[in-house]
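Presented below is the structure to which this report refers.
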Amino acid sequence: MRPMHGNGIIDSVAHEQRSEGSLLHGRNRKDVEAGRRSRGTEAGRGGAPGAETGEAAELGVGSWAAVLAPRLAQFTAVARHEHVTRAAQELGVPQPTLSRAIVRLEDDLGVALFARHGRTLSLTPAGRSFLASAERALTDLERATESVRADVDPAAGKVAFGFLHTLGPETVPGLIRSFRADHPRVRFQLVQNYGEAMIERLRAGDLDLCLTSPVPDYPDLVARRLDEQKLRLVVPDDHPLAARKRIRLAEAAGELFVTLEPGYGLRRITDALCAEAGFAPRVAFEGEEAETLRGLVAAGLGVALLPPPAVPRPGVAELTVTAPRAVREIGVAWLDGHPDTPPVAAFKKFLLSRRGRLLPR
């Protein structure tokens, strides 16, 4: 399987989250089953039916997280106030309900978290240790919640956007600049890669949208053609063909070609155009980046079919191909059925509005 070279990620606001580790682990099956029976009985007496047992089933047998997550805020409130009634008032729950919840938590853990002194409580050594982990877990949850809410914020959310290397120098910076004129706070996570790698990342949920070529045709993706780009036959400036302005691709049948590696969209287009011209290209070098190929052409290693450069490169001549029609289509793709966040929907609408004028002229 091809390694995913050239993958760059840029996010103007990075969210770094570090796990503090599992609060507790090593729970045995007997404890789990006992806890489930206890929670099922309590739910039947008025608790939320299935609220805890359903989550535990999803997280797997032995998961402390599903058992403890609904109770951590209750525990920390009681620990902070050292008084059940005051904690219940803060949480907005009846005092008996909170008292039962704390007792159930201690029963499930098999350890006393509080020492009782009439109406007041104090943490035991085990309770103090558990409180530190509980507070870290709640802090991480708060940060995670803030992060995902920030990503979907219509004004300042995040768009994970992939694009081809050849679109990086001019096209994508120009698109983002234009979009951010009306959406200045939207953040971009940018991934630059070849087409098939970006499609894999769309399917994995790592990307919201990608610009790629050829325009993909897969049942699980939605793709829209946005523009087309002429390809040129690039030759060394001292090559016998360099004095020409135009050429039929069949005239280059005897040349050595430098191309992108198999799997790249431009390589598939090159092979298809050469086949249409009646020959299979003899390949001297297979690379991963178009401008590297242009440099190798300048060095005399061969000729190449390439899109126009962002900046003219010395040492090469670029010839218009008159036959066959040498173009590549550029399109935007996304995963079918994947819901868009507001910033993604806005950027998708913007890209579709650029149909026919995506590329610099």
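Values quoted throughout were computed directly from the atomic coordinates according to the rules given, and no laboratory measurement underlies them. This is a predicted model, so every value here is computed, not measured. A quick note on method: Cβ atoms are made from the backbone with ideal geometry, for glycine too, and the neighbour counts reach across all protein chains shown.
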*Amide proton proximity set for residue 189, modelled H, under 5 Å, gap of 5+*: 159, 160, 161
*asked:* Between residue 355 and residue 170, what is the label-point separation in nm under the 7 Å Cα-to-beta-carbon projection?
replied: 2.4 nm
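Determine, from the Cβ-Cβ distance of residue 301 and residue 245 and an R0 of 22 Å, the FRET efficiency 1/(1 + (r/R0)^6), rounded to the nearest 0.05. Show your work: numbers first, answer last.
Numbers: r = 23 Å, r/R0 = 1.05.
For residue 301 and residue 245, the calculated efficiency is 0.45.
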*Count neighbours as other Cβ atoms within 10 Å of each site's Cβ, and list the chymotrypsin sites (Phe, Trp or Tyr not before Pro) in the stretch 250-310 that are DSSP loop with at most 16 such neighbours.*
279
*Put a dot 7 Å past each Cα toward the Cβ at residue 93 and residue 313; how far apart are the dots in nm?*
6.5 nm
*Taking the simple approach of a point 7 Å from Cα along Cα-to-Cβ for both residue 155 and residue 345, what is their distance in nm?*
1.8 nm
